[in-house]
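The values are calculated or read from the model by the stated rules, or taken from the named source; none is laboratory data. Source: prediction; values computed, not measured. Note that each Cβ is placed from the backbone with ideal geometry, even for glycine, and that neighbours are counted across all protein chains shown. Each accessible area value is taken on the protein alone, full model and side chains, heavy atoms only, with ligands, DNA and RNA left out. Shrake-Rupley method; radii C 1.70, N 1.55, O 1.52, S 1.80 Å.
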Amino acid sequence: MNPKFVFWVPVAIQMTAGAFGIGLLWWWFGMLPALLTALAALGTMVLVQLHYLYQLSGWLDEPNSAKLPDGWGEWTPVFSRLYRLRRDDEKNQAELTEWLARFRQAMHLLPDGVVIMDDVLFLEWCNPAAEEHLGLRHDRDKGMRVTNLVRSPDFMDYLILGRYDQPLVLSFRGRKLITHIIPFENRRQILVTHDVTESERTDMMRRDFVANASHELRTPLTVVLGFLEIAAAEQLDETTRQAHLKLMMDQAYRMQHLIEDMLTLSRLESIDHPVRAERVDIGNLLDKVRRDALALSAGKHEIVLEMDGGDVMGSTDELYSAFGNLAANAVRYTPAGGTVSLKWEDTAAGVRFTVRDTGIGISPEHISRLTERFYRVDKSRSRETQGTGLGLAIVKHVLLRHNGTLSISSEPGKGSTFTVNLPKSLSAAPHPAPAPAAALSVN
Ligand code: ADP
């Protein structure tokens, strides 16, 4: 029903009834009592209106603390409508606050940076990712011009040209950021930054790896092709033919070795291939490592194994590959007559495997790069000794998968020490019937 109608109909009925009552009084008792009654009724009505007006004004001053009265007469629907309005308003406020909190939380968790600026690029708000990407601080930089904060000629050019349909690839503070500007509302713009530093680095590593791997494979392949061309063009005597075959086989083995190492690395890097933790019989594993080293050395080195620690949990194959690589390197980079010592021991922090040699050693500037793929201190020496340049990269990945670390210390001309530390969490519980010899030394 029309609210005006709802309000005025009862008022009209009451006024008509009042006038009728006064008329009756006049008729029965005369003019004076009727006028006095009418005056008294009007006075009461004015007092009632003033009372409720006073209450309403008090409530409007302090809507949170003062209570709305129930009201009387026409005031009842007025107060109940005000009450409903207030309740709806409170509900909307609560919803808005909740939405704002959710929005803030989402913006805090967003990995992309978001900066809200006005039309003349003054900073209004930014999220933590934007603070990190662009070196901003919301509380400190609010109200400052973004171009004074992000000092980059590329960024300035981008803003001047205003071709915001294209993203800008911005190199800033050692990061690579894909930057977008999106105008919104009438007088605001959003700057969005997406950090691609890590993916760019991975892409570059992948490109380098493909280039290096192709180069490594091309060299032996060229040698094999060269010999095959000679064999196809000339009649070779038996001795030369045998010598060529031997050289070709060496190169083919080199390619095979390289491909095996590349496959091992790719398997180790694959996240779909977690470590299958099993009890690693370390005595057996290191005995195999020592025998391999002895075979590689062909009697030219003294190889010592010292065992003073228990088994670990991990992947036997992977640890065999890592420890085998370290022992093989020690043999390959130690001239005949040198010593290679392998030591397995329990420590307070976990277990330690040390490979010490008396070989050629490594200059300090190379040490931090040794675990990079295809990094070699001396390329020709590595090739001479059948190196693929991937051995220490494999060691690094195996240790990463076992939460272990590798440390290297070396002195050129004196020898090197490669130390593997595995955490205590990998130590396996002792066997119910432990082996009789706790420490064993083999030469
Ligand atoms: P490679 O197959 O060439 O040996 P690695 O990744 O196993 O590749 O080793 C990387 C480089 O580190 C080697 O080329 C070599 O220069 C150096 N290196 C590794 N182990 C030793 C060591 N025990 N003594 C001296 N140099 C070493």
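State yes or no: is residue 355 modelled with pLDDT of 95 or more, over 20 Å from residue 212 (Cβ atoms), near the ligand (Cβ under 10 Å from one of its atoms) and assigned to a strand (DSSP E or B)? Can you show your working first?
Numbers: modelled with pLDDT of 95 or more: yes; over 20 Å from residue 212 (Cβ atoms): yes; near the ligand (Cβ under 10 Å from one of its atoms): yes; assigned to a strand (DSSP E or B): yes.
It is true that residue 355 is modelled with pLDDT of 95 or more, over 20 Å from residue 212 (Cβ atoms), near the ligand (Cβ under 10 Å from one of its atoms) and assigned to a strand (DSSP E or B).
Which condition number does residue 337 fail, the rest of (1) farther than 24 Å from residue 268 by Cβ; (2) within 34 Å of the chain's Cα centre (by Cα) being met?
(2)
Does residue 222 satisfy being polar (S, T, N, Q), closer than 30 Å to residue 372 by Cβ and modelled with pLDDT of 90 or more? Reasoning before the result, please.
On the way: polar (S, T, N, Q): yes; closer than 30 Å to residue 372 by Cβ: yes; modelled with pLDDT of 90 or more: yes.
When the stated conditions are applied, residue 222 passes them.
If I go through segment 309-345 residue by residue, how many of them are aromatic (Phe, Trp, Tyr) and open to solvent by less than 10 Å² (accessible area, probe 1.4 Å)? It would help to see each step written out before you state the result.
So the first thing to find is which residues in segment 309-345 are aromatic (Phe, Trp, Tyr), and the list is 320, 323, 333, 344.
Of the ones still in play, those that are also open to solvent by less than 10 Å² (accessible area, probe 1.4 Å) are 323, 344.
Total meeting the criteria: 2.
Kindly list the number of the only condition in (1) in a helix (DSSP H, G or I); (2) near the ligand (Cβ under 7 Å from one of its atoms); (3) open to solvent by 50 Å² or more (accessible area, probe 1.4 Å) that fails for residue 377.
Only one criterion in (1) in a helix (DSSP H, G or I); (2) near the ligand (Cβ under 7 Å from one of its atoms); (3) open to solvent by 50 Å² or more (accessible area, probe 1.4 Å) is unmet by residue 377, namely (1).
Please enumerate the residues belonging to segment 108-140 that are charged (D, E, K, R) and under 25 Å from residue 197 (Cα atoms).
Answer for segment 108-140, where residues must be charged (D, E, K, R) and under 25 Å from residue 197 (Cα atoms): 112, 131, 132, 137.
So which of 119, 112, 141, 154 ends up being within 25 Å of the chain's Cα centre (by Cα) and farther than 30 Å from residue 10 by Cα? Working first, answer last.
On the way: 119 fails: within 25 Å of the chain's Cα centre (by Cα); 141 fails: within 25 Å of the chain's Cα centre (by Cα); 154 fails: within 25 Å of the chain's Cα centre (by Cα).
Exactly one residue qualifies, and that residue is 112.
Taking the options 289, 275, name whichever one is outside any helix (DSSP H, G or I) and either touching a strand residue (DSSP E or B) at 6+ places or on another chain (Cβ under 9 Å) or assigned by TED's automatic domain parsing to the domain that holds residue 345 (or both). First the steps, then the outcome.
Working: 289 fails: outside any helix (DSSP H, G or I).
Only one candidate passes the filter, namely 275.
Take the residues of segment 58-93 that are aliphatic (A, V, I, L, M) and open to solvent by less than 60 Å² (accessible area, probe 1.4 Å): which is modelled with the lowest pLDDT? Before the answer, list the steps.
Residues of segment 58-93 that are aliphatic (A, V, I, L, M), as a first pass: 60, 66, 68, 78, 82, 85.
When the remaining residues are screened for being open to solvent by less than 60 Å² (accessible area, probe 1.4 Å), the result is 66, 68, 78, 82.
Details: 66: 71, 68: 76, 78: 83, 82: 87.
Out of the qualifying residues, it is 66.
Look through 307, 255 and report the one residue that is part of a strand (DSSP E or B) and farther than 19 Å from residue 407 by Cβ. So that I can check it myself, show each step before the final result.
Details: 255 fails: part of a strand (DSSP E or B).
Going through 307, 255 in turn, just one is part of a strand (DSSP E or B) and farther than 19 Å from residue 407 by Cβ: 307.
Does residue 331 satisfy the criteria of being more than 7 Å from the ligand (Cβ to nearest atom) and aliphatic (A, V, I, L, M)?
Numbers: more than 7 Å from the ligand (Cβ to nearest atom): yes; aliphatic (A, V, I, L, M): yes.
For residue 331, the condition - more than 7 Å from the ligand (Cβ to nearest atom) and aliphatic (A, V, I, L, M) - is met.
Across segment 256-297, which residue is modelled with the lowest pLDDT among those that are open to solvent by 70 Å² or more (accessible area, probe 1.4 Å) and among the hydrophobic types (A, V, I, L, M, F, W, C)?
It comes out as 271.
Residue by residue, here is whether (1) within 15 Å of the ligand (Cβ to nearest atom); (2) without any contact (Cβ under 8 Å) to a residue 12 or more places away in the chain; (3) in contact with a His (Cβ under 9 Å, 6 or more places away or on another chain); (4) not assigned by TED's automatic domain parsing to the domain that holds residue 220 holds:
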residue	(1), (2), (3), (4)
298	no, yes, no, yes
316	no, no, no, yes
336	yes, no, yes, yes
363	yes, no, no, yes
